[in-house]
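Visitor: Quick one: the structure is below, questions incoming.
The values are calculated or read from the model by the stated rules, or taken from the named source; none is laboratory data. Remember, it's a predicted structure, so these values are computed and weren't measured experimentally. Here Cβ is always computed from backbone atoms with ideal geometry, including for glycine, and neighbour counts include all displayed protein chains. Please note that ligands, DNA and RNA were not included when accessible areas were found on the heavy atoms of the full protein model with its side chains. Shrake-Rupley method; radii C 1.70, N 1.55, O 1.52, S 1.80 Å.
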Amino acid sequence: MPKAGIIYNDVKPIACRVAGELKDQLKSAGWDVVMTTGAGGILGYATPESPVCHTPIDLLNPPGFDKEMSFGIVLGGDGTVLSAARQVASLGIPLLTVNTGHMGFLTETYLNQLPLAIEKVMAGEYEVEERTMIAVRVFRDNALLWEALCLNEMVIHREPLTSMCHFEIKVGKHALVDVAADGVIISTPTGSTAYALSAGGPVITPDVEVLQLVPICPHSMASRALVFANTEPVTIFPVNLDRLVMVVDGNAGCYVLPTDRVLVEKSHYCARFIRLQPPEFFRILREKLGWGLPHIAKPTSVELP
């Protein structure tokens, strides 16, 4: 019996309802179905009182999900997609992402298109697009304190109020660089259209094998976004008297002390997304962000060269 999984946002009534309907539809078609929520991919926050607060990357798989599963269906917004990708990355399960949220930049289809989409997926009529993920680890006295798998970005900054931070950052074997900014972002190409874009970083197409470092509000005209090969690990040394906070994909994080170091490197796991039509990144940019649309009306009475 073929096997499928459903990961849904259980705080959204519509996602809960559709998840139940999908389970019945797939079972009636002869599929074994396992359901779980996206909450399992939200790793939580470490606190000064409880500094070690993480689940090892390889232990995030939901109960019943395994490498024999043909595909998974994600019902939610971008946050649910980020969590689901983290939950099944080590299993290599391709995910059909269905938008029940707002922008849904990472989602492939919508609820009104779901019946046809499910028929195509069950028939195997799709492509799989792989997206780079990064592993983020915090070390204290050379002991692993915290780790997470990340699809979008890692951000480190000061809290509770935003103010100047100092970092020494080493990219691969290159010399240390000093960055003074409100914080820094290490982003994948997928994350280049998220926080990194708002902070002034470039848009990077998903097939480019790079990462980027983006200072947040840097205190220097020379500190700008840096794009580098994803084979280069990044080590961040905070140079501050106070602790900082690190957040991964907007839903997990930990405190970072001045004596800690943060290591970011490409993961050997990747996110695998089902595409019902050939991946066309510029189409997504146009639909979601309005990129490349004409901004000046061209009157038909004027003959253009």
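Okay, residues lined up against (1) open to solvent by 10 Å² or more (accessible area, probe 1.4 Å); (2) within 16 Å of Cys270 (Cα to Cα); (3) among the basic types (Lys, Arg):
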{"residue": "Gly64", "(1), (2), (3)": "yes, no, no"}
{"residue": "Ser70", "(1), (2), (3)": "yes, no, no"}
{"residue": "Thr80", "(1), (2), (3)": "yes, no, no"}
{"residue": "Arg86", "(1), (2), (3)": "no, yes, yes"}
{"residue": "Ser90", "(1), (2), (3)": "yes, yes, no"}
{"residue": "Leu95", "(1), (2), (3)": "no, yes, no"}
{"residue": "Val98", "(1), (2), (3)": "no, no, no"}
{"residue": "Gly101", "(1), (2), (3)": "yes, no, no"}
{"residue": "Phe105", "(1), (2), (3)": "yes, no, no"}
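Visitor: Looking at Val248, is it aliphatic (A, V, I, L, M), modelled with pLDDT under 95, within 26 Å of Gly38 (Cβ to Cβ) and open to solvent by less than 20 Å² (accessible area, probe 1.4 Å)? Don't jump to the end; show me each part of the working.
Guide: On the way: aliphatic (A, V, I, L, M): yes; modelled with pLDDT under 95: yes; within 26 Å of Gly38 (Cβ to Cβ): yes; open to solvent by less than 20 Å² (accessible area, probe 1.4 Å): yes.
Spelling it out, Val248 is indeed aliphatic (A, V, I, L, M), modelled with pLDDT under 95, within 26 Å of Gly38 (Cβ to Cβ) and open to solvent by less than 20 Å² (accessible area, probe 1.4 Å).
Visitor: A further question on this structure: Kindly provide the set of residues from the stretch 92-122 that are of a type in the set (S, T, N, Q) and in a helix (DSSP H, G or I), ordered by number.
Guide: Going through the stretch 92-122, the residues of a type in the set (S, T, N, Q) turn out to be 97, 99-100, 107, 109, 112-113.
Residues satisfying the conditions are Asn112, Gln113.
Visitor: Suppose we keep only residues that are in contact with a Phe, Trp or Tyr (Cβ under 8 Å, 6 or more places away or on another chain) and assigned to a loop (DSSP other than H, G, I, E, B) within the stretch 187-204. Which one would you say is surrounded by the most Cβ atoms within 10 Å (Cβ to Cβ)?
Guide: First, the residues of the stretch 187-204 that are in contact with a Phe, Trp or Tyr (Cβ under 8 Å, 6 or more places away or on another chain): 187, 193-194, 203.
In the following step, the residues that additionally are assigned to a loop (DSSP other than H, G, I, E, B) were identified as 194, 203.
Details: Ala194: 22, Val203: 14.
By that ranking, first place goes to Ala194.
Visitor: Any residue in the stretch 256-269 that is closer than 22 Å to Val227 by Cβ sitting within a Cβ distance under 7 Å of a residue that is surrounded by fewer than 20 Cβ atoms within 10 Å (Cβ to Cβ) and of a type in the set (A, V, I, L, M, F, W, C)? List the pairs, counting only those 6 or more apart or interchain.
Guide: Final answer for the pair search is Leu263/Phe139; Glu265/Ala135; Ser267/Ala135.
Conditions (1) surrounded by fewer than 20 Cβ atoms within 10 Å (Cβ to Cβ); (2) under 22 Å from Tyr195 (Cβ atoms); (3) out of contact with any Gly (no Cβ under 9 Å at 6 or more places or on another chain), marked per residue:
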residue	(1), (2), (3)
Arg224	yes, yes, no
Phe228	yes, yes, no
Pro233	yes, yes, no
Arg243	yes, yes, yes
Asp260	no, yes, yes
Arg272	yes, no, no
Leu276	yes, no, yes
Glu280	yes, no, yes
Arg286	yes, yes, no
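Visitor: To continue, here is another question. Cβ contacts < 6 Å: first residue among the β-branched types (Val, Ile, Thr), restricted to the stretch 137-156; second residue part of a strand (DSSP E or B) and open to solvent by 20 Å² or more (accessible area, probe 1.4 Å), any location; separation 6+ or different chain. Result?
Guide: Val155/Val247
Visitor: Whether any residue in the stretch 30-43 is assigned to a loop (DSSP other than H, G, I, E, B), open to solvent by less than 60 Å² (accessible area, probe 1.4 Å), out of contact with any strand residue (DSSP E or B) (no Cβ under 8 Å at 6 or more places or on another chain) and modelled with pLDDT of 90 or more is what I want to check.
Guide: Of the stretch 30-43, the ones assigned to a loop (DSSP other than H, G, I, E, B) are 30-31, 42-43.
Now narrow it down to the ones that are open to solvent by less than 60 Å² (accessible area, probe 1.4 Å): 30-31, 43.
In the following step, the residues that additionally are out of contact with any strand residue (DSSP E or B) (no Cβ under 8 Å at 6 or more places or on another chain) were identified as 30.
Remaining after also requiring modelled with pLDDT of 90 or more: 30.
Within the stretch 30-43 (the criterion being assigned to a loop (DSSP other than H, G, I, E, B), open to solvent by less than 60 Å² (accessible area, probe 1.4 Å), out of contact with any strand residue (DSSP E or B) (no Cβ under 8 Å at 6 or more places or on another chain) and modelled with pLDDT of 90 or more), the answer is yes, since at least one residue qualifies.
Visitor: Mind counting the residues in the stretch 1-26 that are open to solvent by 60 Å² or more (accessible area, probe 1.4 Å) and more than 16 Å from Phe65 (Cα to Cα)? Quick ask: steps written out before the conclusion?
Guide: Step one: list which residues in the stretch 1-26 are open to solvent by 60 Å² or more (accessible area, probe 1.4 Å), which gives 1, 10-11, 13-14, 17, 21, 23-25.
Still in the list and also more than 16 Å from Phe65 (Cα to Cα): 10-11, 13-14, 17, 21, 24-25.
So the count comes out to 8.
Visitor: Would you kindly identify the strands (runs of 3 or more DSSP E) lying entirely within the stretch 123-186 that contain at least 3 residues that are surrounded by 14 or more Cβ atoms within 10 Å (Cβ to Cβ) and modelled with pLDDT of 95 or more?
Guide: Where strands (runs of 3 or more DSSP E) fall fully within the stretch 123-186 and carry at least 3 residues being surrounded by 14 or more Cβ atoms within 10 Å (Cβ to Cβ) and modelled with pLDDT of 95 or more, they are 127-140, 153-157, 165-171.
Visitor: From the list Ser187, Ser220, Ser267, Ser198, which one is of a type outside the set (Val, Ile, Thr) and out of contact with any strand residue (DSSP E or B) (no Cβ under 9 Å at 6 or more places or on another chain)?
Guide: Result of the check over Ser187, Ser220, Ser267, Ser198: Ser198.
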